[in-house]
Each structure stands twice: as C-alpha cells, then as structure tokens.
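Following: one structure in structure tokens, then a few remarks.
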Amino acid sequence: MKKINNKFWLGILTAFAFYGIVKVLLTTEILSDVNQSMLLLIGVNIMLAVSLNLITGITGQFSIGHAGFMSVGAYTSAILTLDYNVPFIPAILAGGLLAAVFGVLIGMPTLRLNGDYLAIATLGFGEIIRIIMLNTEFVGGASGLSGIPAKTTWTMLFFFTLISVVLINNFIRSTHGRACIAIRENEIAAEAMGINTTRYKIIAFTIGALFAGMAGGLSAHTFYVITPGSFNFLKSFEIIVMVVLGGLGSTAGSIVGAVFVTLLYTYLREFPEWRMIIYSIVLILMMIFRPSGLLGVSKFSFGKFGKKEAKANDAIKSSGTP
Amino acid sequence: MEYFIQQLINGISVGSIYALIALGYTMVYGIIKLINFAHGDVFMVGSFIGLYSAKYLANAGLPPIVVLLLSLIISMTISALLGISIERLAYKPLRKSTRIAALITAIGVSFLLEYTGVLILGPQAKGFPDIMDKKQYHLFGSSIQVESNQIMILLTTIILMLVLQYIVRYTKTGKAMRAVSFDVEAARLMGINVDRTISATFAIGSALAAAAGVIFGMTYNSVDPLMGVMPGLKAFVAAVLGGIGSIPGALVGGLLLGTVETEISSLGFSSWRDGVAFAVLILILIFRPSGLFGKNVREKV
C-alpha cells in the first residue's frame, strides 16, 4: 500500500515538474507554435486514451464510438461559450456531463451485446451522432462551428488532464475497478461471484464518455473550428490505436500511446503523402511483433480464438480430461 | 405506387453491390472471426483494376460484352491474389493472437491500401469508362424504367451467387470451408488443410468484392482511392443484418439495406441515409443480435 502511494506522489511530482518546465518554455517563447499546439493535442489525446482504456482495456468492452462522445462534448461546450457566453470551465464540464448522459443512453441497450457486436453497435452510434450533427443547422451542419474562442491554455489543459488521469486511475484501483477487471477477465464468472456486470459496464461507459466529452470540449477550444467530419470513425480508430499501442489495460501505457501517436502524426506531417502509409505499417508491424503494446501488462481476448483460452484448452487437452 | 416500385428497382441494384461485398465479410468472419476492415479497400482496388483493364481492352477494339467479361475476370483474379497476400502477410502471423490485435491489423491494412492508392493514383476521383451503352426499358408499358446497367448488375450478382453457392455446397474447398468455420480444431484433425482453406476464403471473398467494385464503377462512373470506406461499412452492416456467417443472410441483408436506403433518399432524406443504415443495424443488434438468418449461439459456461 505504502509503495503504491509513493509511486502515486512521484507521478504527481513528475507531472508538476513537467508542467513547470513547459510553463517556463512557454513564457520565454522558446517553443514554436507547432510544438505548442502539439502539446495541447497530446493532453487532449491522453484524456481520450485513458478514458477509452477504462472501457476497453479495463472493462473489456470493445468500443469504436469514442469520437462520438468527444463530439457531443465538443459541440456542447462550444455552443455554450459561443452563443450563451458561459465561462470556460463550466462549459467544458457541461460538455462532459452531456457526453456522460449519452454514455448511459448508449450503454443501456447495447451492453447486452458483447465482443464484436458491441464494437459494431458503438461504431454505428458514433456515426449516427456524426450524421445528426451533420444535418442539424443549429450546430452548423456540414461546415461545423467556427470562431470558437481559443480558451484552452496550457495550465487549463494540464490540470484537466492530470485530474482525469488521477480520477480514472483511482477508480481502476478501487473496488469498482476490480469489479470491472473481473468482468474483463471472465464475465460469466464475475456474474456468478455476485458482480452486477451490467451496472459496472454502464459505469465504465459513463465515466469514459464523461472524460471523452471534456477532452472534446478542450480540443474545440484549442483549434477554433469543429466539423462533424473531424469526429468520424477514423478518429475513434485513432484513439483505439493509442490505447492498443500503449498497452491495453495500462494507464501509463495509454499515456505513452497517446504521446507516441501524436508525435508520429505531427512529425510525419511534413511528408503528407507518406504519413498514413508509414503510420499503417507501424500499426501492422507493432501488432505482429509486439501485440501487447509498448507497456502492455495483460493479455486478454474477446473470444475463443484468444491466446489465453487457447492455452487453457491446450492444458485441458494435455491433461487428458475431455 | 409506380414511384415506389421504381425506387425498389434502384434499391435492388444498389443492394446487390452491398450484397457482393457483404459475402466476403461474412465468409471471412465465419471462418476466422475477424472483421476484415480491409475488405472495403479490396473493393476499391478491384474497381481500379477494372477501370484500367476496361480502358485498355476497349482501346484494343474488342466488343463491349467481351470487354466487360474480361475486365471482370482480370479484376477478380488480381484482387483474389491481393486478398490471399493480405491474409498471408498480415493476418496469418496473428492467428493465435488476441482478437483486438487482429482487428487493429485489419484497420492498418485498410489504411495502407487506401493511402497507397492515394499515393499512386492521386486523391481525385477518376471517371469510369462506359463499357456498355446504357439503354432504358419500360416495364409492361408503364412509366417504370429499368436501365440495361441495372439488369446487367442483377444478372452478374445472381450468376456470382449461384457460382458461390455451388462452390460452398458441392466442391471440396467449400466443404472444407464449412468444416473449418464449424470447428477449426476438429477440421484440422480430419485432415483439412486449414491454412489453404482460409486462403481460399479470402480469395473468393476478394474476388466477389472486386466484381462489386467493377459494377460500382459502371453504375456511378466515378472511382477514387477512399471510395471503399463507406460501402465497406455498409456492406458490413448488411452482413450483420442478415446474420454474419450466413451466405443467404448476406444477400438478403445487402438487398434490404440497399432498398431501405434508396427509399429513404427518395423520400427526401438523402443526407440521413447513412444514419438510417446504422440505426437499422443497432435495432437489429438489440432485438436479434445474431441477425435475421443467424443462429443464436449460447455462450458456454
């Protein structure tokens, strides 16, 4: 217990040290504009990756609709600051809350599905949210919203990111988090042990959506413009890629994955025609040679073709029991 | 009423394109339980191969029907080879790996095909040559129109379906495919070469997607490297709708989705079309998770 606490404070200390260094770099204007916006993007992506990790990595529910939650948060907070002059922090929180409501709404009917079917349903929901935005004049339709005040500063972003990482990480370590891990490892066994699996799946979905919504709000207030097209399923894939590259089920991994993908994206921007090709080759090679991700700790499967169960089956076969 | 029937006919011709792509999805999913996201891009590649071979063959002065058949065959053959090599290079090393790793790889392959296409062909849409002259027929003297193109599409789809049905039902490969999708280990014990069967599945699925690509090019006269994304997703929806793993299901799902979409567009909600497709998907998943034709598999405890 003591050790965990030490690790926790060490992490917080490192984060603040990083914050201080960047703050100095920003005030002395050593950082270029590109690097500045990259830093903000990294923060937003960390929030997205860590929140998706709670859903996919910890609870084992494969969701490809994370960009949908992000867009709900982005649109809500942008409309609040643009049209209703709501201050920045309440607007972001409101965006997160509405996204959380969507998390409950989507979670309730779909979480009876599992594995691939849940993935497809969430993909469908993400696309439906995008198409609703696309066809609603109130939120700007296809051209989206522009002229959103760029209110996301480094300090704001840092604290939002830090708080979300700490909260999610503490949730994972709590009793509830253990219940979620139990669901990931074996849903039927978890149910038999008296865990209300549906409830925990909805909790995980809601918390994930909450932070994705806030990340959306922060990114909307960083880049002036949001369009429905920026929250399509490619964005959802990108978030999954961060989580998987970092290592499913590991918060530190999600952070590393988010940083890695953002860096890769930003620095490959100079070779636009090669960017996506290099990116996809990295993905494929990574999955073939290190499927557990950069910092992966746990391997788990979504079905009977997974390694773990294959191993278990082998064990049963070799021991001779039918 | 006539308007409705007209839209139904248009819907069936869009739906048969979805159905052809959905077959590839459903076969691959049925065998290795992988959502092959790259399938929509194989469709794109097939379309481009069709475009270039049709151009080349038409310049050689062959009659239109020969041009059509030859470019279909060329496109289907090359795409089948592409499908096999994708499976060998990207998916086979992951066969024992986690589902999510395989899925991410499929997404990676999809990006790779799309952006290699952009790099080689440029991002702009290209015009597809008119292989056959388009004629319009009126059904029973009414105002309902049927284009020669639509008849051709339907014919091609039906012929390909029959061939597929024959392969799956009566050939050795088809029997092996059914056995592997039923139980991989048991099939292996019975002496079935599982790797070869999976390759064959990819080859057949990719060939069907390529045929759909050529047909798509002829219908919409425009192809581009990113065109596989939406039809790919829609075809996947169609496969799920019909019950993934079921061949008649893919056909029915594709036709149903195409019809619903066209009717929605004709009612003036064309910008909601994609949303409706996904809404149908979610409703189906909630009320009948294994699709219209799927078997309900109980989870083993």
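Per the Kirkwood treatment, what hydrodynamic radius in Å, one decimal, follows for the range A:150-268 from the mean inverse distance over all distinct Cα pairs? Averaging 1/r across every pair of different Cα atoms and inverting gives 16.0 Å.
What shape does the range A:75-158 take by its C-alpha gyration tensor, where a ≥ b ≥ c are the square roots of the eigenvalues and a/c under 1.5 counts as rounded, a/b above b/c as prolate, and the rest as oblate? Prolate. Residue order for B:161, B:76, fewest other beta carbons within 10 angstrom first, comes to B:161, B:76. Spacing of the modelled spin labels on residue B:135 and residue A:167, each 7 Å from Cα toward Cβ, amounts to 6.9 nm.
Across chain A, Cα-Cα distances exceeding 25 Å account for 51% of all pairs. Mean sequence separation of contacting Cα pairs (under 8 Å, at least six apart), scaled by the length of chain B, corresponds to a relative contact order of 37 percent. Of all the options A:100, A:15, A:49, the one that moves most in a Gaussian network model of chain A with Cα springs shorter than 10 angstrom is A:15.
Peptide B:86-98 is shielded by partner chain Cβ atoms: per residue, an average of 4 of them sit within 10 Å of its Cβ. For the peptides B:9-16, A:282-289, residues were scored by their other Cβ atoms within 10 Å and the scores averaged per peptide; the highest-first order is B:9-16, A:282-289.
Taking every Cα-Cα distance in chain B and sorting them into 20 Å bins starting at zero, the pair-distance distribution P(r) comes out as 34, 58, 8, 0 percent. Kirkwood hydrodynamic radius of the range B:87-230, from the reciprocal of the average inverse Cα-Cα distance over all distinct pairs: 18.5 Å. Would the range B:55-99 count as rounded, prolate or oblate if I go by the C-alpha gyration tensor, calling it rounded below 1.5 in a/c and otherwise prolate when a/b exceeds b/c, oblate otherwise? Because a/c hits 1.5 or more and a/b exceeds b/c, the range B:55-99 counts as prolate.
Rounded to whole Å, the principal axis extents of the Cα atoms in the range B:153-197 read 41, 15, 14, largest first.
When shorter helices are ignored and each DSSP H run of at least 4 residues is given -39500 (n - 2.57), the per-residue value for the protein assembly as shown at 222 nm works out to -24500 deg cm²/dmol. For the residues A:23, A:235, A:201, a GNM of chain A with alpha-carbon springs under 10 Å puts the largest fluctuation on A:23.
In this entry, the range B:19-117 is assigned a mean projected area of 6.6 nm², taken as a quarter of its C-alpha convex hull surface. Legend: ranking of residues B:39, A:176, B:138 from fewest to most surrounding C-beta atoms inside 10 Å; resulting order B:138, A:176, B:39. For the peptide A:127-133, the mean number of other protein chain Cβ atoms found within 10 angstrom of a residue's Cβ is 5. With the largest listed first and rounded to whole Å, the semi-axes of the equivalent ellipsoid of the range A:20-95 from the Cα gyration tensor are 27, 21, 10.
In plain terms, the residue of A:64, B:74, A:30 with the fewest other Cβ atoms within 10 Å comes first and the most crowded comes last, giving A:30, B:74, A:64. The overall shape of the range B:95-151 is oblate: from the C-alpha gyration tensor, with semi-axes ordered a ≥ b ≥ c, the ratio a/c is 1.5 or greater and a/b is no larger than b/c. For q = 0.11 Å⁻¹, what log10 I(q)/I(0) does the protein assembly as shown give under the Debye formula with an equal point scatterer on each alpha carbon and no solvent? Log10 of I(q)/I(0), two decimals: -1.10.
If R0 is taken as 45 Å, the Cβ-Cβ distance between residue B:190 and residue A:89 corresponds to a FRET efficiency of 0.10. Hey, if you drop one equal point scatterer on each alpha-carbon of the range B:184-271 and run the Debye formula without solvent, what base-10 log of I(q)/I(0) do you get at q = 0.15, 0.18, 0.22 Å⁻¹? Calculated log10 I(q)/I(0) at the listed q: -0.74, -0.96, -1.23.
FYI, it's all coordinate maths here, none of it is from the lab. Quick caveat: nothing in here was measured; it's all calculated off a predicted structure. When we count neighbours, we look across all protein chains shown, and the Cβ atoms used for this are built from the backbone with ideal geometry, even at glycine.
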